[in-house]
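Right, one structure below, let's go through it.
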Amino acid sequence: MSLENQIIEIAKQARTAARIMAALPAEQKNRALFAIARQLEKDKDVIQAENAKDLAGARENGLSDAMIDRLTITDKVLAGMVEGLEYVAGLEDPVGTLSDSSIRPNGLEIARMRIPLGVIGIIYESRPNVTVDAAGLCLKAGNAVILRGGSEAIYSNQALARAIEQGISTQGLPAGAVQVIPTPDRAAVDIMLKQEEYIDLIIPRGGEGLIRHVVAASSIPVLKHYKGVCHAYVDDLADLDMGVNIVLNAKAQRPGVCNALETLLVHEGVAQKFLPMAHKALAGVTLKGCPKTCAILPDALPATEADWPMEYLDLILAVKVVKDMDDAMAHIAAYGSNHTEAIITTDLNRSRRFIREVDASLVIVNASTRFNDGGQLGLGAEIGISTSKLHAYGPMGIKELTTTKFVAWGNGQVRT
């Protein structure tokens with residue numbers, strides 16, 4: 001069978017499965033999620049052995065430490081997959097719920113019913129945990145899903161896919177509900193992106209280059225974010241000790257992810273005190289600063305214009321001293337990516353204004369940018385973060401993987 005016919009057959013099977021999935025009761029979907037969790041635990045050694053093959057290949061091919069970190073399935077990562085599935089199973093099922101009901105003057109009762117999106121295609125790089133997170137969320141929301149991970153995680157994803165398939169088979173879910181494209185051939189992606197007859201939505205997760213390629217090549221609607229250029233603004237009325245802790249966590253806890261801090265903005269009124277405190281805490285982080293920053297921190301490298309819109313995904317931080325909050329918000333508007341923006345301040349009015357005026361999928365006060373994550377925001381797991389605004393803005397959980405249709409009840413009404 002040709003590659004094109006293979007991908008088309010996968011898409012057809014997903015479309016058939018989606019009709020079945022849309023009608024399944026919540027209890028059956030929840031049992032399937034628990035069954036997958038138990039299978040992952042059972043297959044732990046096999047999964048990690050296959051992951052070791054991917055890690056060896058990644059090192060041979062010179063992948064960055066950040067990419068290898070994303071690729072690694074540690075005991076903690078695997079436990080997180082299991083915990084995420086169990087959490088999602090415990091969430092309320094949105095499918096079939098009614099909202100916005102009203103009665104028209106002619107007696108028609110109108111409402112909106114929440115329904116699955118249908119078939120969702122996920123294209124992603126490096127992070128095999130996406131295989132499990134995406135499968136769990138899509139199943140809970142009544143969708144079928146086609147997963148295409150990166151070639152660097154081919155062994156890991158195949159092992160996880162086998163565990164998922166075994167888990168759902170024990171609960172009577174259709175085999176086509178979760179499918180992993182079994183080839184690393186990049187041509188498979190472009191073929192997949194043309195299957196608008198069978199696939200309802202594409203969600204890419206990975207580097208900006210991958211996402212822009214998907215957007216350009218797809219004939220299917222795409223939900224995405226290109227990159228995470230996340231800012232933290234330290235106000236002159238900030239608790240500076242708290243600010244240092246927040247900045248350290250946002251930048252250094254896991255620098256290779258999209259919600260890591262990339263630019264620090266500091267009010268000029270506290271820059272002389274705050275920047276040395278932050279510099280000391282951020283040992284091992286390369287700072288690239290504006291002229292005012294470099295005057296305070298001689299060890300900082302001079303920032304160029306290219307640094308302000310940069311997503312480093314590394315232990316590098318751009319730093320700029322700003323005149324006030326208006327200056328900070330203007331910088332965010334010019335260089336931000338609508339992903340995550342934070343303010344550190346004790347002033348309630350300023351925090352309210354920052355939340356109201358800054359445009360991002362999460363605007364956060366006195367906390368780390370690292371909280372822009374489906375699990376941290378109460379969604380269980382997430383299938384990705386959207387900065388597209390249409391349909392979803394921010395982390396996409398179960399509800400974001402559904403839509404609504406109108407339903408109406410009458411007693412013989414005809415239109416005149």
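What accessible area per residue, rounded to a whole number of Å², is obtained for region 9-133 using a probe radius of 1.4 Å? For region 9-133, the solvent-accessible area averages 50 Å² per residue. With the convex hull drawn around the C-alpha atoms of region 323-416, the volume per residue stands at 186 Å³.
A crude spin-label estimate for the pair Asn61 and Asp299, with each label 7 Å from Cα along the Cβ direction, gives 3.6 nm.
To the nearest whole percent, what portion of all C-alpha pairs in the chain is separated by more than 34 angstrom? Value for the chain (Cα pairs over 34 Å): 37 percent. What you get for the chain, charging only the Cβ of Lys and Arg (+1) and of Asp and Glu (-1), is a dipole of about 900 debye around the Cα centre. For Thr346 and Ile316, a Förster radius of 25 Å and the Cβ-Cβ distance give a FRET efficiency of 0.30, rounded to the nearest 0.05. In plain terms, if you count all Cα to Cα distances in region 1-143 and split them into 10 Å steps from zero, the share in each step is 10, 28, 30, 20, 7, 3, 1, 0 percent.
The calculated FRET efficiency for the pair Val414 and Leu377, based on their C-beta separation and a Förster distance of 45 Å, comes to about 0.45.
In this structure, the amide hydrogen of Arg205, modeled 1.01 Å from its nitrogen in the peptide plane, lies closer than 5 angstrom to those of Ile123, Tyr124, Glu125, counting only residues at least 5 positions away or on a different chain.
For the set Lys227/Lys280; Lys224/Lys292; Lys53/Lys224; Lys224/Lys273, the pairs lying more than 32 angstrom apart at their alpha carbons are Lys224/Lys292; Lys224/Lys273. As a calculated quantity, the FRET efficiency between Thr286 and Met113 at R0 = 41 Å, using C-beta atoms, amounts to about 0.20.
Seen against the Cα atoms of the chain and their longest principal axis, helix 325-335 is set at about 50 degrees. Working from label points 7 Å from Cα in the Cα-to-Cβ sense, the Phe406 to Lys42 distance is 4.8 nm. The share of alpha-carbon pairs in region 150-232 lying farther apart than 14 Å comes to 71%.
Length gained on full extension, Ile20 to Glu92: 24.0 nm, using 0.36 nm per residue less the C-alpha separation. The slack in the chain from Arg356 to Asp185, taken as 0.36 nm per residue of separation less the alpha-carbon distance, amounts to 57.0 nm. P(r) for region 211-370, from all Cα pairs and a bin width of 10 Å, is 12, 43, 33, 9, 3, 0 %, short bins first. Using only the alpha-carbon atoms, how far is helix 44-60 inclined from the longest principal axis of the chain? Give it as 0 to 90 degrees, nearest 10. It works out to around 50 degrees. Scalar couplings 3J(HN,Hα) for region 363-372, obtained by applying the Karplus form with A = 6.51, B = -1.76, C = 1.60 to θ = phi - 60°, are 10, 10, 10, 6, 7, 6, 4, 5, 7, 7 Hz; x denotes Gly and Pro.
Ligands, DNA and RNA left out, the accessible area of the chain computed with a 1.4 Å probe is 51% carbon and sulfur.
Here is how the number arises for the chain: DSSP H runs of 4 or more residues each give -39500 (n - 2.57), the sum is divided by the residue count, and the result at 222 nm is -13000 deg cm²/dmol. Dipole magnitude for region 78-211: computed about the Cα centre from +1 point charges on Lys and Arg Cβ and -1 point charges on Asp and Glu Cβ, it is near 100 debye.
Which shape class, rounded, prolate or oblate, goes with region 286-344 when its Cα gyration tensor gives a ≥ b ≥ c as root eigenvalues, a/c under 1.5 marks rounded, and past that a/b bigger than b/c marks prolate? Working shown, then result.
Working: a/c = 1.90, a/b = 1.25, b/c = 1.52.
Verdict is oblate for region 286-344.
Counting only alpha carbon atoms, the long axis of helix 75-90 and the longest principal axis of the chain meet at about 60°.
For Ala141, what is the net charge nearby, where nearby means another residue's Cβ is under 14 Å from its Cβ and Lys, Arg count +1, Asp, Glu -1? Please report the intermediate quantities before stating the final value.
Working: positive: Lys29, Arg114, Lys140, Lys399; negative: Glu92, Asp93, Asp133, Asp200, Glu382, Glu400.
So the surrounding residues net to -2.
The values are calculated or read from the model by the stated rules, or taken from the named source; none is laboratory data. Predicted model, so just to flag it, every value in this text is computed and none were measured. For neighbour counting, all protein chains shown are included, and Cβ atoms are generated from backbone atoms with ideal geometry for every residue, glycine included. Side chains included, ligands, DNA and RNA excluded: accessible areas come from the protein's heavy atoms. Shrake-Rupley method; radii C 1.70, N 1.55, O 1.52, S 1.80 Å.
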